[in-house]
Each structure stands twice: as structure tokens, then as C-alpha cells.
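Enquirer: Below you will find the structure I want to go over with you.
We did not get these values from a lab; they are worked out from the coordinates using the rules stated. None of the values given here were measured: they were computed from a predicted structure. All Cβ positions, even for glycine, are placed from backbone atoms using ideal geometry, and neighbour counts span all protein chains on display.
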Amino acid sequence: MRANNKNYVIAKEKKIRQYVIFKQKRKNNNIICLGGPNIENYVKELRSFGFNQIISYERDVKVFVKQISELKSKNVCLKQGDIRSNLTISNYFYDLDFCSTILCVKEFLPQIHKIEEFSITFSLRRCSLKDTIKIFFKGITDPTRYSYTTYKDTAAMVTFYTLNQKNYEI
Ligand SMILES: C[S@@+](CC[C@H](N)C(=O)[O-])C[C@H]1O[C@@H](n2cnc3c(N)ncnc32)[C@H](O)[C@@H]1O
């Protein structure tokens, strides 16, 4: 199924992982994200978790037009373009909810690991969990900074996320 035909509103397991991650204590209440085709619903969720400023990227023009026509919530900045070229903005939580495998961001991982707080989601359809974990943690000196959770959407998925300092301090 193509990304712009997907309905993330009914993706229950995805919602549970969003709840677990967004409920964590965090420093940054501004978010840079991939709003996707159900942006109004997603933005409402972000607001309910206390996010204030919201910047959403979308590179698919059709999905972007859908977002513009369906978004009613105020104070959301919609940007058409590739989020991978915009990974260095500080004081924002990044929700990198990709619908593809880790291979799409492999070359950007050094930049991604520099983001203070983020979650990142990959499909496991063409790259196994074992390989995805291996690629994600390659060269990482402090793996205790991260946790991950797997779930089933239309395909098996994995989300890696940074842990709040308090959660991993001994
Ligand atoms: C999984 S959806 C986001 C779902 C949303 N987070 C939610 O929970 O409802 C991912 C969206 O990001 C877009 N996308 C994928 N890779 C991208 C990239 N590198 N830059 C910008 N948009 C991208 C896709 O077209 C798709 O609309």
C-alpha cells in the first residue's frame, strides 16, 4: 500500500508506542516530525502530549497537498521537503516516523545520533530486525542512551528512541 493511502489513525500499536515515548519526561516541547497523511489527528495527539511548536516535513507532493487541505489546527508549520536535510535544528524533539527501512537514512545516522531527543521508526519488511539493530548501533559508544520497541503496522516495524536522562542514570 502506498504511503499516502495509509491510515495511521487506526494503527493501534503505533499509537501505543507513541504514547510510551511521548509520555516520557523530556527537555524539548517543540517537535519536528513527519506528519503524514493523517496530519490533523497526529497534531492533536502531539498537542495532548504537550508539544507546542510543531514543524512537519513531507516530501511527497500529493501527501503535502492533502495535509494543507485537511489541517485545521493552528500554529503548525508545514514544510515541503526532505527532513533528512534538516536534522540539525536544536531544542526540538524529532519524531522521525519513516515508512521505509533504515537503509533510507543509513548515511544520515551520524547526524541523527547527535540529536538530543528523538524517536525513529523503520519498516522491517526488507531489512531484518537483527540487521536494523546492527546498523543503528554501529559506532555508538553509549547504547544505554537508547531503547527500542517493535510493533506490527501493515508491516513489522521498529522504533528506536532516546531515553530521558533520569531513566538510565544509576
Ligand atoms: C509513517 S508516515 C507519518 C505518520 C505520522 N507520524 C502519524 O503518526 O500519523 C511518514 C510520512 O513521511 C513521509 N516521508 C518519508 N520519508 C520522508 C523524508 N525523508 N522527508 C520528508 N517526508 C518523508 C511519507 O511520505 C509519509 O507521508
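Enquirer: Using a basic spin-label model with each label point 7 Å from the Cα along Cα→Cβ, how many nm lie between ARG84 and SER100?
Expert: 0.6
Enquirer: Further, regarding this structure: Can you give me the long-range amide H partners of TYR94? Hydrogens built in the peptide plane at 1.01 Å from N, cutoff under 5 Å, separation of 5 or more residues or another chain.
Expert: Residues meeting the amide H criterion: ILE32, GLU117, PHE118, SER119.
Enquirer: While we're on this one: Tally Lys/Arg at +1 and Asp/Glu at -1 over every other residue whose Cβ is under 9 Å from the Cβ of GLY81; what's the total?
Expert: Net charge in that neighbourhood comes out at 0.
Enquirer: Next question. Can you classify region 77-143 as rounded, prolate or oblate using the Cα gyration tensor, where a ≥ b ≥ c are the square roots of its eigenvalues, rounded means a/c under 1.5, and otherwise it's prolate if a/b beats b/c and oblate if not?
Expert: Verdict is oblate for region 77-143.
Enquirer: Order the peptides 150-161, 10-21 from the highest to the lowest mean number of other Cβ atoms within 10 Å of their residues.
Expert: Those peptides, ordered most packed to least, come out 150-161, 10-21.
Enquirer: A follow-up question, please. What nm distance separates the two modelled labels at ILE140 and LYS44, each placed 7 Å from Cα along Cα→Cβ?
Expert: 3.4
Enquirer: Hey, another quick one. Classify region 50-101 as rounded, prolate or oblate, taking a ≥ b ≥ c as the square roots of the eigenvalues of its Cα gyration tensor: rounded when a/c is under 1.5, otherwise prolate if a/b is larger than b/c and oblate if not.
Expert: In terms of gyration-tensor shape, oblate.
Enquirer: Give me the distance in nm between label points sitting 7 Å out from Cα along the Cα-to-Cβ direction at ALA155 and GLU13, one decimal.
Expert: Here the modelled spin labels are 1.4 nm apart.
Enquirer: With a ≥ b ≥ c the root eigenvalues of the C-alpha gyration tensor of region 25-127, is it rounded (a/c under 1.5), prolate (a/b larger than b/c) or oblate?
Expert: Since a/c reaches 1.5 but b/c is at least a/b, the shape of region 25-127 is classed as oblate.
Enquirer: Tell me, CYS77, CYS104 in order of fewest to most beta-carbon neighbours within 10 Å? Numbers along the way, then the final one.
Expert: On the way: CYS77 10, CYS104 14.
In increasing order of surrounding Cβ atoms, one gets CYS77, CYS104.
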